[in-house]
Amino acid sequence: GAVVSQHPSWVICKSGTSVKIECRSLDFQATTMFWYRQFPKQSLMLMATSNEGSKATYEQGVEKDKFLINHASLTLSTLTVTSAHPEDSSFYICSAIPSGQTYGYTFGSGTRLTVV
Amino acid sequence: AQSVTQPDIHITVSEGASLELRCNYSYGATPYLFWYVQSPGQGLQLLLKYFSGDTLVQGIKGFEAEFKRSQSSFNLRKPSVHWSDAAEYFCAVGAWTGNQFYFGTGTSLTVIP
């Protein structure tokens, strides 16, 4: 089955630094990937849609300059949290769908970000 | 507007007892419905999904869900809960032609011995 790998699983960083999170589709190509954020005790909220070879589409209220998304290949999307602050601490999850399909989303295992 | 409601924030059941987690949705088109489980500190794992056909869907770990269009519901059930089922459960609705998921706020399940 389709597998999506996220790295790192958890990261602690100092306030003001940047952190990069990777989302890889291991056994399929994904034209589109999605990034979600989950606050404690809350559901997942879509942050942005990442499209291979083009700019990401951000949801309303998500700062595109703070959450940089790059989808440089059909198997890799990266989310960079720039100048991280404690309020950015959260659980970030990506999902991907095989190119050409409109169903069959697979979620990564998530990344726990803690900014101190 | 699309939305997913999970009315129960937290449920406690005894090990071996039956379980039903409720999910109601509002969606303007034919919904594609999903249940995910998230263990503490872990990512999401797909339990089951409904696209079409038989409205009773079987999933992994002994879970099943029933789609009731008239009630806009997709409740998750398990006849006998195990202690390892303690986790957060999310219901979600997605579009066939779109590419977005709408998640419920989740139901936290505690299993007591």
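The values are calculated or read from the model by the stated rules, or taken from the named source; none is laboratory data. A quick note: this is a predicted structure, and the numbers were derived from the prediction, not measured. Because the Cβ atoms are built from the backbone with ideal geometry, glycine has one as well, and the counts that use them run over all protein chains shown. Heavy atoms of the whole protein, side chains included, go into the accessibility calculation; ligands, DNA and RNA do not. Shrake-Rupley method; radii C 1.70, N 1.55, O 1.52, S 1.80 Å.
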**Message:** Among the residues in segment B:45-57, are any of a type in the set (V, I, T) and closer than 20 Å to A:A2 by Cα?
**Reply:** no
In segment A:67-116, residues that are open to solvent by 60 Å² or more (accessible area, probe 1.4 Å) and outside any strand (DSSP E or B) total 7
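Could you identify the single residue in B:Y102, B:Y27 that is modelled with pLDDT under 95, closer than 27 Å to A:S99 by Cβ, more than 12 Å from the chain's Cα centre (by Cα) and more than 10 Å from every other protein chain (Cβ to nearest Cβ)?
Among B:Y102, B:Y27, only B:Y27 is modelled with pLDDT under 95, closer than 27 Å to A:S99 by Cβ, more than 12 Å from the chain's Cα centre (by Cα) and more than 10 Å from every other protein chain (Cβ to nearest Cβ).
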Being of a type in the set (D, E), within 13 Å of the chain's Cα centre (by Cα) and open to solvent by 70 Å² or more (accessible area, probe 1.4 Å) narrows B:E64, B:E20 down to just B:E20
If we ask which residues in segment B:42-61 are open to solvent by 60 Å² or more (accessible area, probe 1.4 Å), part of a loop (DSSP other than H, G, I, E, B) and of a type outside the set (D, E), their number turns out to be 2
Picked from segment B:30-41 (must be in a strand (DSSP E or B) and closer than 20 Å to A:S5 by Cβ), the residue modelled with the lowest pLDDT is B:Q38
A careful count of residues in segment B:40-50 that are more than 8 Å from chain A (Cβ to nearest Cβ) and more than 14 Å from the chain's Cα centre (by Cα) gives 1
Picking from B:L109, B:L33, the residue that is in contact with a helix residue (DSSP H, G or I) (Cβ under 9 Å, 6 or more places away or on another chain) and surrounded by 18 or more Cβ atoms within 10 Å (Cβ to Cβ) would be B:L109
Given the conditions (1) in contact with a strand residue (DSSP E or B) (Cβ under 7 Å, 6 or more places away or on another chain); (2) closer than 23 Å to B:V111 by Cβ; (3) not aliphatic (A, V, I, L, M), every one holds for B:G16 apart from (1)
Residue set A:G16, A:G61; condition open to solvent by 30 Å² or more (accessible area, probe 1.4 Å) and in contact (Cβ under 8 Å) with a residue 40 or more places away in the chain; output residue A:G16
